[in-house]
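Bear in mind that the values in this text are calculations on the coordinates, not laboratory data. Worth saying up front: this structure is predicted, and the values here are computed from it rather than measured. Please note: Cβ atoms are built from the backbone with ideal geometry, for glycine as well, and neighbour counts cover all protein chains shown.
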Amino acid sequence: MATDTFQLIEFDICGQICPASLLVALRELNKYSSQLTDGTVVLLFKTDSRDGTHTIPEAASNMGFKVDVQKCQRYYTITITKP
Amino acid sequence: MTKDHENSNANVDVSLLNQEINRLTRENAKLRAKLGFQNDYIRAKVNQMLTVMGTLPLGQEGLDDETLIELDPIGIICDSFRQILGHLHHTNAELLLANEKNIAILDAAGIGFMLLNKDRTIHSLNQKMKDFFFSERDDGDIIGKTCLELICGGNVPYELCQFNKAIATNKPVRFNNWENRGRSYEIIVTPIHDLDGMISNCLAVYLDVTERMLKEEALRESEERYRDLFENANDLIQSVAPDGRFIYVNRAWRKVLGYSEQEIENLRIFDIIDPSCHSHCSELFQRVMEGQEVSHVEVVFVSKDGRKITVEGSANCKFINGVPIATRSIFRDMSWHKLSEEALAAEKEQLAVTLRSIGDGVITTDTSGRVVLINKIAEQLTGWSQLEACGQPLEEVFHIISEKTGKRCENLAEKMLKTGTVISLDTHSTLIAKDGTVRVIADSGAPICNAENAVVGTVLVFRDISEQQVLETNLQRAEKLESLGVLAGGIAHDFNNMLTGIIGNISIAAMHANPGDLIHKRLEEAEKAAFRARDLTQQLLTFAKGGAPVKKTASIVEILTDSAGFALRGANVRCCFNIASSLWPVEMDAGQISQVIHNLVLNADQAMPDGGAIFIDAENLEKSDSDNLPLPHGNYIHISIRDTGKGISSEHLLRIFDPYFTTKKTGSGLGLATSYSVIKNHSGCITIDSIPGKGSTFHIFLPASPETNSLESPITQLVVDGTGHVLVMDDEEMIRDVAGIILGHLGYTASFAKNGEETITRYQTALANQRPFDAVIMDLTIPGGMGGKEAIKKLLEIDPHVKAFVSSGYSNDPIMSNYKAFGFKGVIVKPYIIEEISKSLYSVLSAPA
């Protein structure tokens, strides 16, 4: 049963470029895979790498997660939630 | 150890060490080379994986080997692949499930699906498609074979094959009505492209539209029927859009209003509505657009050529999803109807006027016996207005009972509707009005038949005959009295003559007897008895036709007081008078009226054996239409004599004026009959109100005399002596003798004649001898000879100043009441009474010539 409450975990990977930023994101996705799947955790990555705004969402989507990318003033936020 | 030795040894050690260092350096270089190779391998594999992940390869400057190892990208990527694969597995499972569902849906769908390869061979198909075309085949006989072979039988021209068309155009192709094996299909063939955009397959969808086609055909036929119906209807049918445009009008509409179909396109609804109806129609149109249905709407249309056409109809609106789409209106040209209505209205008005003008009550009913129409007279007689009566059962409004039985009469409408014949009411029917008023009515009724002779209602015509019945009763009474009067008059005439002799002789004999003698007393008794006989004779004569009153204008006041006082002498009943001070005089026979008052007061007295009061009122009355009296308009004296006695039963009330009808043991039955006759002969009327146990009131109405200056007081009888020569004409010797004696007693000398001829002769002779008669008393009728009526004419010729008296005991001749017109100077009624003769002779002979 889905719950409405979740933990938002933020990662600031600004200054990192691909593939490092992707690997960091993948590491955290792997780490929180089960929590993401059951909806208790939401991951938010802050990145200033334009490549990362493509690679990270694509990888997360391939894993079946829902991805939302928003542009802020100096970085992007990539929010990954349960499918 | 020596120094050299030591040196030598040191050199060896260095050499070895160097060798070892070199070896180690080489070994280190090898190891480094090997590690570098391994790191490069790892980095290459990591990069390969990263490439698979779709990202950039690792840069040497971005991530050193140590960090790379520490980061463990391979582990990360492997874990990620595991997740990705897991997700793909899950997705695949869902896809497989979805595929199963889709197959189930497609099989369950009423549409046939068939996937064809590019070479037209069948790749797959759903159950419905099998049902359509391959119910006898297994999948093995279908898959891999061409549709041309299996479905079209291999004989479809290339250009008509929808598959070929779809391939050729690279677009979906639709074929609406493809017939195959007796059924109709709608086919859609859609090309399916591979990743290179090339057509790999075609999906053919088959929809069995046989039923739909049949329904559409039926619908077309139905539409055609409706169109035919609308187009050939005589009524005007129109459909208008919310903006006022005409969507449809039928042929009758176009014909009546004169517009062509092309012209309709540019018309708006208010173009054809007369301006006088615009406001009303705008409101109606708005109501229709809001969903109301309006009916019986009357509108004036204006045709193309300007004619005004009155139409009546109804309208409503078609809505789709709550939005008004079009009105639906049907109107009928009422122009001719209007004319018919006007004609009908005129006819109805004429009928209404006729009904109002009819003096009889008229009620019509429908076939259920309920009132449809009731005219004014019927409203007055029944007390029901048209509004109240309409729709009510006839017996409710027309409540009639039998006068004889008091029971309700049968329902006339029901009887007429049942028998279909004209009926007449029982003549003794009584109508009871709504307010309880009772009226005797005459009535007849008839069924109303239409042009097909079917009964559609009834009509009842009736009139109030209460007054007529009173008149008829009076007439019957008068006829009864007349017949009795003839008899009574005849008897009285002879009897009077006899009494004249009896009374005269008694009077004369009494004159010759001493007042104190026994004989004088007996003579007085005999005279009283004779007077009673005379009174009886007078009564007989009075109610007899011949009892014409000898009228003189006089006040009735003294007659009322004297007669009442006389009648009540010795009675235990008192009389209360209420007489108007300025009572009009009456032209009357004072004796007869006195007799009437006497009779009525006597009756009242006898009705109150235990005593009481009689109330006698007299007033002036101007008769109008509202009085229910059988008298002409004019001025009357109304006298009422009321007692508080036992009253008269309704049974007796109808007969009290009949002669010889009496409820008293000692009554003659002539008192009220005489009174009735007297009043009638005075052109008046007498009525009675009586309530058993409460008393009775007699009402007398006598015409007031226009004369006011010649009032005469009632006659007071006095014996007045005179002188002169009197000629007496009578056929009866006894009368002549008595007359002679009386006249002699009064101081006159008498001569006699038996008839008119002799009278004339004697009068002429006396005149010629210079000894004329001072007066002549002539019997009115002489059996077998000339009576007074003819003789006076001759005498007047001989002597215009002749002072003649007419004498009779039977005053049936108008001469007795109107003697002056015939040339007589006075009247002497038989039997002769000395006082009367003396007074009459004196008044005439002493008057100036």
What's the center-to-center distance, using Cα atoms, between region B:384-436 and region B:552-579 in Å? 49
Which whole-Hz couplings ³J(HN,Hα) result when phi for each residue of region B:786-803 is put into the Karplus expression 6.51 cos²θ - 1.76 cosθ + 1.60, θ = phi - 60°, listed in order with x for Gly and Pro? 6, x, x, 5, 7, 4, 5, 4, 5, 4, 5, 5, 6, 9, x, 9, 4, 9
Cβ-derived FRET efficiency at R0 25 Å, residue B:95 paired with residue A:69, nearest 0.05: 0.40
Residue-by-residue Karplus 3J(HN,Hα) for region B:671-681, coefficients 6.51, -1.76, 1.60, Hz, glycine and proline x: x, 6, 4, 5, 4, 4, 5, 4, 5, 5, 5
Suppose R0 equals 25 Å; then what is the FRET efficiency for residue B:346 and residue B:424 from their Cβ-Cβ distance, rounded to the nearest 0.05? 0.15
With R₀ set to 35 angstrom, the calculated FRET efficiency between the beta-carbons of residue B:123 and residue B:66, to the nearest 0.05, is 0.05
Restricting region B:46-150 to GluC sites (Glu not before Pro) in coil, as DSSP defines it, with at most 12 other Cβ within 10 Å: B:61, B:136
Local net charge near residue B:55, Cβ-Cβ under 13 Å (Lys/Arg +1, Asp/Glu -1): -1
The set of residues whose placed amide H lies less than 5 Å from the amide H of residue B:729, leaving out same-chain residues fewer than 5 positions away, is B:753, B:777, B:778, B:779
Within region B:574-677, list the chymotrypsin sites (Phe, Trp or Tyr not before Pro) lying in a DSSP loop whose Cβ has at most 13 other Cβ atoms in a 10 Å radius. B:660
Relative contact order (%) - criterion: Cα under 8 Å, at least six apart; region: region B:560-617: 57
Going 7 Å from the Cα of residue B:234 toward and past its Cβ, which residues in region B:315-347 have a backbone nitrogen under 20 Å from where you end up? B:329-344
Charge context of residue B:21, other residues only, Cβ under 13 angstrom, K/R +1, D/E -1: -1
HN-Hα J in Hz across region B:185-201 - Karplus 6.51, -1.76, 1.60, θ = phi - 60°, x for Gly and Pro: 10, 9, 10, 10, 10, 10, x, 10, 9, 7, 5, 8, x, 8, 5, 9, 9
Taking the Cα atoms of region B:45-104, what is the range of coordinates along each of the three principal axes, in descending order and whole Å? 57, 18, 13
Any residue on another chain or 5+ positions along whose placed amide H is under 5 Å from the amide H of residue B:383 is listed here as B:434
What distance in nm separates the two pseudo spin-label positions at residue B:183 and residue B:243, each 7 Å out from Cα along the beta-carbon direction? 4.6
Which far-off residues, 5 or more places away or on another chain, put their amide H under 5 Å from the one on residue B:588, with H placed in the peptide plane? B:552, B:553, B:554
Going by alpha carbons, how many degrees (0 to 90, nearest 10) lie between the helix axis of B:210-232 and the longest principal axis of chain B? 30
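By counting other Cβ atoms within 10 Å of each Cβ, how are B:588, B:498, B:511 ranked from fewest to most?
Neighbour counts put them in this order, fewest first: B:511, B:498, B:588.
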Whats the longest run of chain B with zero trypsin sites (Lys or Arg not before Pro) that are DSSP loop and have at most 11 other Cβ atoms within 10 Å? B:182-403
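So what's the net charge close to residue B:635: Lys and Arg +1, Asp and Glu -1, counting the other residues with Cβ under 10 Å from its Cβ? Kindly include the intermediate steps, with their values, before the conclusion.
Values: positive: B:623; negative: B:622.
Net local charge, residue B:635 excluded: 0.
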Sort B:745, B:337 so that the residue with the fewest other Cβ atoms within 10 Å of its own Cβ comes first and the one with the most comes last. B:337, B:745
What whole-number distance in Å separates the alpha-carbon centres of region A:33-83 and region B:218-245? 65
Relative contact order as a percentage, chain B, C-alpha pairs under 8 Å and 6+ apart, gives 6
For residue B:145 paired with residue B:223, estimate the spin-label separation in nm (one decimal), with each label point 7 Å from Cα along the Cα-to-Cβ line. 4.1
Gap separating the Cα centres of region B:18-81 and region B:746-795, nearest whole Å: 195
What value, in deg cm²/dmol to 500, does the helix sum -39500 (n - 2.57) over DSSP H runs of n ≥ 4 give at 222 nm once divided by the residues of the protein assembly as shown? -14000 deg cm²/dmol
Where trypsin sites (Lys or Arg not before Pro) in DSSP loops with at most 14 other Cβ within 10 Å are excluded, longest remaining stretch of chain A: A:1-49
